[in-house]
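Following: one structure in structure tokens, then a few remarks.
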């Protein structure tokens, strides 16, 4: 199983300038290739292949006065930019034909030096390596200091250098995880009902309060944004204000990611099987609850549960979003019908059991999740299917 390991790096001023040149060379090669393919499409000509583009836009272009500065970046980084463009076109065509599931993918767009995120990917051909002193050696850049929070499980196949909107630098290693990381078998099994007042309600009755990190930082974010709006466009003060806004958002994002990681790891370690509801987050993000839904970050959390379950040998199942988890009695299975959100407790008309709405839903998700994991989900959903 391949995973990404991310670490913060601290390049010197000279190394930051070298990375800026590398980002620029990769961006220009990507844009040049995109322009050639767009022109070929407009002229109803076949798309140039990556090999032809590599020869034209890298090998030959470096010998011209207009693109002589391409020697400032490793060849592998610029070739990876062409592979990224190939992947973008492949995803676009697969999405248009229906081969790629999920939301529609748009046509590749030109990259800008003013983008909030700058990326350069080094492969094994670039001969990057982690030194015995803990520094990362990058060609054309030098030995960069890395803040290691954990050891790499294996030799990385590639490393991506990222500069975010807040001006921070990160490296992302792609590594093959060790199969021996499978945890010892746990006896627990849990169903999870996600919400806004309580971020997660477990089938054993535990409730995890929602941190509401964006709501807590909203006042500070608003002031930073107002300060940015008063700065003249193109001024140095505006650039500084943009970084302040980005840093404020980054603090909130980092805190949310930390919360998701800690909670998902604890759930995976304690339970052998985890069952969650497949929520339509994109749809909920267009309602009056949009800000709270995005603040919760359900999709990220469920994604963490899924990959950690695969990594550590746990069972993971998604229950259909139309499953009537709030309408069924978890004690006798009687379907009591839909209820407004203001109803937090209810009594079953069949057996008389008194249910907490969220705990009952989590228990029903756990029961249905077992059937989904076994490949025999049969419960009639809210639409009668």
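Every number here is computed from the coordinates shown, using simple stated rules; none is lab data. Bear in mind that the values here come from a model prediction, so they are computed numbers and not experimental data. So basically every Cβ, Gly included, is an ideal-geometry build from the backbone, and we count neighbours across all protein chains shown.
Short-range pairs are left out: with C-alpha atoms under 8 Å and at least six residues apart, the relative contact order of region 60-109 is 23 percent.
Express in nm, to one decimal, how much length is gained between residue 109 and residue 186 on full extension, taking 0.36 nm for each residue of separation and deducting their alpha carbon distance.
23.0 nm
In this calculation the C-beta distance from residue 354 to residue 251 is compared with R0 = 35 Å, giving a FRET efficiency of 0.25. By other beta-carbon atoms within 10 Å, ranking 348, 127 with the fewest at the front produces 127, 348.
Helical content alone sets the calculated 222 nm signal of the chain at -13500 deg cm²/dmol, taking -39,500 (n - 2.57) per DSSP H segment of four or more residues and averaging over every residue. Computed FRET efficiency, Cβ-Cβ of residue 279 and residue 64, R0 51 Å: what is it to the nearest 0.05? For residue 279 and residue 64, the calculated efficiency is 0.45. Here the residues 95, 235, ranked from fewest to most Cβ neighbours within 10 Å of their Cβ, fall in the order 235, 95. For the chain, the equivalent ellipsoid derived from the Cα gyration tensor has semi-axes of 45, 24, 23 Å, listed largest first.
Largest GNM mean-square fluctuation across 199, 47, 323, computed for the chain with C-alpha springs under 10 Å, falls on 47. Using the Cβ-Cβ distance between residue 345 and residue 290 with R0 = 30 Å, the FRET efficiency computed as 1/(1 + (r/R0)^6) comes to roughly 0.65. For the chain, DSSP calls about 80 percent of its internal beta bridges antiparallel. For region 2-179, the relative contact order works out to 33 percent when only alpha carbon pairs closer than 8 Å and six or more residues apart are counted. Given their separation in residues at 0.36 nm each and the Cα-Cα distance between them, residue 269 and residue 299 gain 8.8 nm when the chain is fully extended. Between the helical axis of 75-97 and the longest alpha-carbon principal axis of the chain there is an angle of about 40 degrees. Ranked for footprinting exposure by Cβ neighbours inside 10 Å, fewest first, 157, 149 give 149, 157. Structure remark: mean-square fluctuation, Gaussian network model of the chain, C-alpha springs under 10 Å; the largest value among 237, 364, 31 belongs to 237. Using C-alpha pairs below 8 Å separated by at least 6 residues, the relative contact order for the chain is 15 percent.
Relative to the current alpha-carbon distance between residue 45 and residue 196, full extension at 0.36 nm per residue lengthens the span by 49.1 nm. Take the Cα of residue 125, step 7 Å toward its Cβ, do the same at residue 100, and the gap between the two points is 2.3 nm. In degrees between 0 and 90, to the nearest 10, how far off the longest principal axis of the chain does helix 357-374 point, with axes built from Cα atoms? Taking the Cα atoms of the chain, the angle to 357-374 is about 70 degrees. Relative to the longest principal axis of the Cα atoms of the chain, the long axis of helix 13-42 lies at roughly 80 degrees. Put a dot 7 Å past the Cα of residue 236, heading toward its Cβ, do the same for residue 310, and the two dots end up 4.9 nm apart.
Working from label points 7 Å from Cα in the Cα-to-Cβ sense, the residue 3 to residue 155 distance is 2.1 nm.
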